[in-house]
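A.B. asks: For reference, the structure I am asking about is given below.
The values are calculated or read from the model by the stated rules, or taken from the named source; none is laboratory data. Remember, predicted model here, so these are calculated numbers, not experimental data. Cβ atoms come from the backbone with ideal geometry, glycine included; neighbour counts cover every protein chain shown.
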Amino acid sequence: MTARIVGRTPFPSALHAARRSRELDALAAAGTIDVLVIGGGATGAGIALDAASRGLRTVLVERHDLAFGTSRWSSKLVHGGLRYLASGQFAIAHESAAERHLLMTRIAPHLTRPLAQVLPLYAPGHVARGAYIGLGYCLGDGLRRLVGTPDAVLHAPGPLSAAETARLVPAVRTDALRAGLRGWDGQLIDDARLVVAIARTAAGYGASVLTRVEAVRADGDGALLRDVRTGAEVAVRARAVLNATGVWAGSLDPAVRLRPSRGTHLVVDAARLGGAHASLTVPVPGSSSRFVFTVPALHGRAYIGLTDVPAAGPVPDVPHATDEEVGMLLDTVNTVLALPLERADVLATFAGLRPLLAADGSDVTDDPDEAEGRDAATSDLSRRHAILDSGDGMLSVVGGKLTTYRRMAEDAVDAAAGRGLIGPVEPSRTRSLPLVGAWPRAHAHEIAAPDRLVRRYGAEAPFVASLATDGPAAARGVTPAELRWGVRVEGALTVDDLLDRRTRLGLVPADRAASVAAAEAALEG
């Protein structure tokens, strides 16, 4: 891996209010475009990048902001597929490992890092438990080797002594601690930042990326779009229309039937977990394949997740954790902590809905009691993705997960071409196409900017640092320059865009309150 990986695009990649207005105005006279993508999460942004990089005239619309939905509520992990091996989903496990490899070595090395997963082993039963879980770690490592991820990027798993375990995850209790296991997976610095980088790269290849634009109605021939900010409407004709709205896919195509699952996380001060840079991994009592784990996060925080429960009924814009889920996560992680966490230690919670494919229509229900009472857990549903053809020709991209967004996007554009919607197209380029800011992890020290900016912006960190730093300060060390970059380059249009998705300061209410004035100042100029 060399410094030549740095991501560049043929056209400017900056997203901002002026570009949005200009490109939205141009839609009325655009004639028939090649690809219209509805939905600005990882999948939608990935489709826009795949299509635009193949030379197709592409427009992406999102009624809220980039990464407004499920894509910002993940565990911030780039999974290698170990969990899917345990349930016999070998093809999905291999796909996950392959996509993780691309993200960490070529597409976004600046937004990913290797994350040690440390599982403490307590007596009694530590030998058998260690052997069982260690076998799973070894199988996952076999996948890593199969797809070609080098040891320098992700290490091989191995046993730990009790002392090494306590050093890596200092918050664990040491009574009856006999040993530990260490596996490795990939971590995203920030899932919302990944989505913004994908969308900006798409814009750099000529795609129009339009947030606050709603598809009032859509079919296989195009859509009626409405500017949420002004109320103005424009009809757009497209050769291919791709519905990438995730758990909301059924609102555009009633034939799409999903069985959403809610994954909840807690936000705590990292110091309460000993400031560990590793992930503390804890088996869920009564399960052989489910774990609660901690993840070091931005701004001195840590996340604890995650649940996997059916989420029946209407799909909310922002899901919320239940009291029972909070209790389950605390109870599980507290089994290994020397100083148990209390409810008062939870600074915030967040929850995301996974757009899981139902096996058939009988698996879908709008009755919450029926959903909660099923024997089949949502954790056992396949994470496969599918391209569904509506009766009018619109394609809906459903299922899948964040790690495999690129493959989902490639398959979606290939499906549109295969159905003759966009004619012959060149093969996908995204396997070897770095995102804006991409820079080899091993060469990060060569970037002339503060380390905290390099970790968030990669090769673009010096440009962020060069912006004016005058104005009110935000919380947790976020500078006025970072907020200005969010407005001028990353397409933030509102205070919520800056705090909830560009910086993630909005997760904790106290951080949000301390940062509103700084965000308002950045939006004013």
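A.B. asks: May I ask you to verify whether THR332 is within 22 Å of PRO355 (Cβ to Cβ), in the same structural domain as LEU135 (by TED's automatic domain parsing) and in contact (Cβ under 8 Å) with a residue 12 or more places away in the chain? Before you say what the answer is, go through the steps one by one.
C.D. replies: On the way: within 22 Å of PRO355 (Cβ to Cβ): no; in the same structural domain as LEU135 (by TED's automatic domain parsing): yes; in contact (Cβ under 8 Å) with a residue 12 or more places away in the chain: yes.
Considered against the rule, which asks whether it is within 22 Å of PRO355 (Cβ to Cβ), in the same structural domain as LEU135 (by TED's automatic domain parsing) and in contact (Cβ under 8 Å) with a residue 12 or more places away in the chain, THR332 comes out as no.
A.B. asks: Within the group ARG83, ARG57, which residue is buried (at least 19 other Cβ atoms within 10 Å of the Cβ), modelled with pLDDT under 95 and out of contact with any Lys or Arg (no Cβ under 6 Å at 6 or more places or on another chain)? Walk me through it before giving the result.
C.D. replies: Values: ARG57 fails: modelled with pLDDT under 95.
Within the list ARG83, ARG57, the selection yields ARG83.
A.B. asks: Quick one: count up the residues across region 265-298 that are surrounded by fewer than 17 Cβ atoms within 10 Å (Cβ to Cβ) and within 12 Å of LEU115 (Cα to Cα).
C.D. replies: So the count comes out to 1.
A.B. asks: Listed residues ARG452, ARG407; which is surrounded by fewer than 19 Cβ atoms within 10 Å (Cβ to Cβ) and in a helix (DSSP H, G or I)? Explain how you work it out, then say what you get.
C.D. replies: Numbers: ARG407 fails: surrounded by fewer than 19 Cβ atoms within 10 Å (Cβ to Cβ).
Step by step, each of ARG452, ARG407 is checked, and only ARG452 is surrounded by fewer than 19 Cβ atoms within 10 Å (Cβ to Cβ) and in a helix (DSSP H, G or I).
A.B. asks: Here's a follow-up. For ARG484, indicate whether it is over 25 Å from GLY204 (Cα atoms) and basic (Lys, Arg).
C.D. replies: Taking the combined requirement at face value, the residue does not satisfy it.
A.B. asks: Looking at this structure, is LEU347 at pLDDT 95 or above, in the same structural domain as ARG272 (by TED's automatic domain parsing) and in contact with a strand residue (DSSP E or B) (Cβ under 8 Å, 6 or more places away or on another chain)?
C.D. replies: yes
A.B. asks: Moving to a separate point now. Is it true that some residue in region 82-102 is under 12 Å from the mean Cα position of the chain (by Cα) and not assigned by TED's automatic domain parsing to the domain that holds GLY140?
C.D. replies: Residues of region 82-102 that are under 12 Å from the mean Cα position of the chain (by Cα), as a first pass: none.
So far as region 82-102 goes, no, none of its residues is under 12 Å from the mean Cα position of the chain (by Cα) and not assigned by TED's automatic domain parsing to the domain that holds GLY140.
A.B. asks: Which of the strands (runs of 3 or more DSSP E) found entirely inside region 196-298 contain at least 2 residues meeting this: under 26 Å from LEU498 (Cα atoms) and in contact with a helix residue (DSSP H, G or I) (Cβ under 9 Å, 6 or more places away or on another chain)?
C.D. replies: Values: elements: 208-211, 213-219, 222-227, 233-243, 261-269, 279-283, 291-296.
Once the strands (runs of 3 or more DSSP E) in region 196-298 are filtered for at least 2 residues that are under 26 Å from LEU498 (Cα atoms) and in contact with a helix residue (DSSP H, G or I) (Cβ under 9 Å, 6 or more places away or on another chain), what remains is 208-211, 213-219, 222-227, 261-269, 291-296.
A.B. asks: Going by the conditions given, is ALA312 among the aliphatic types (A, V, I, L, M) and within 30 Å of ALA513 (Cα to Cα)? Break it down into steps so the answer makes sense when it comes.
C.D. replies: Details: among the aliphatic types (A, V, I, L, M): yes; within 30 Å of ALA513 (Cα to Cα): no.
No: the conditions fail for ALA312.
Quick grid of which residues meet (1) at positive phi; (2) in the same structural domain as GLY391 (by TED's automatic domain parsing):
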| residue | (1), (2) |
| --- | --- |
| ARG407 | no, yes |
| ASP411 | no, yes |
| ASP414 | no, yes |
| GLY418 | no, yes |
| PRO424 | no, yes |
| SER428 | no, yes |
| GLY437 | yes, no |
| ALA442 | no, no |
| HIS445 | no, no |
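A.B. asks: Can you pull out every residue in region 60-80 that is touching an Asp or Glu at 6+ places or on another chain (Cβ under 8 Å), outside any loop (DSSP other than H, G, I, E, B) and either surrounded by fewer than 22 Cβ atoms within 10 Å (Cβ to Cβ) or not charged (D, E, K, R) (or both)?
C.D. replies: Of everything in region 60-80, those that are touching an Asp or Glu at 6+ places or on another chain (Cβ under 8 Å), outside any loop (DSSP other than H, G, I, E, B) and either surrounded by fewer than 22 Cβ atoms within 10 Å (Cβ to Cβ) or not charged (D, E, K, R) (or both) turn out to be VAL61, SER71, LEU77, VAL78.
A.B. asks: Which ones in region 418-433 are hydrophobic (A, V, I, L, M, F, W, C) and closer than 27 Å to GLY7 by Cα?
C.D. replies: In the first step, residues of region 418-433 are kept if they are hydrophobic (A, V, I, L, M, F, W, C); the result is 421-422, 425, 433.
Within region 418-433, VAL425, LEU433 meet the criteria.
A.B. asks: Looking for something touching a Leu at 6+ places or on another chain (Cβ under 9 Å) and basic (Lys, Arg) - is there at least one such residue anywhere in region 433-454?
C.D. replies: Let us first name the residues in region 433-454 that are touching a Leu at 6+ places or on another chain (Cβ under 9 Å), namely 433, 435, 437-438, 447.
With the extra rule that they be basic (Lys, Arg), the set shrinks to none.
No, every residue in region 433-454 fails to be touching a Leu at 6+ places or on another chain (Cβ under 9 Å) and basic (Lys, Arg).
A.B. asks: Among the residues of region 22-45, write down those that are more than 24 Å from GLY246 (Cβ to Cβ) and either outside any helix (DSSP H, G or I) or not assigned by TED's automatic domain parsing to the domain that holds GLY420 (or both). Steps first, please.
C.D. replies: Quick first cut of region 22-45, residues more than 24 Å from GLY246 (Cβ to Cβ) only: 22, 25-26, 28-32.
ALA28, ALA29, ALA30, GLY31, THR32, listed by residue number.
A.B. asks: Oh, and also: Is one or more of the residues making up region 465-475 closer than 22 Å to PRO509 by Cβ and part of a helix (DSSP H, G or I)? Talk me through it step by step, then tell me what you get.
C.D. replies: As a first pass, look at region 465-475 and keep what is closer than 22 Å to PRO509 by Cβ: 472-475.
Pick out the ones that are also part of a helix (DSSP H, G or I) and you get 475.
Taking every residue of region 465-475 in turn, at least one turns out to be closer than 22 Å to PRO509 by Cβ and part of a helix (DSSP H, G or I).
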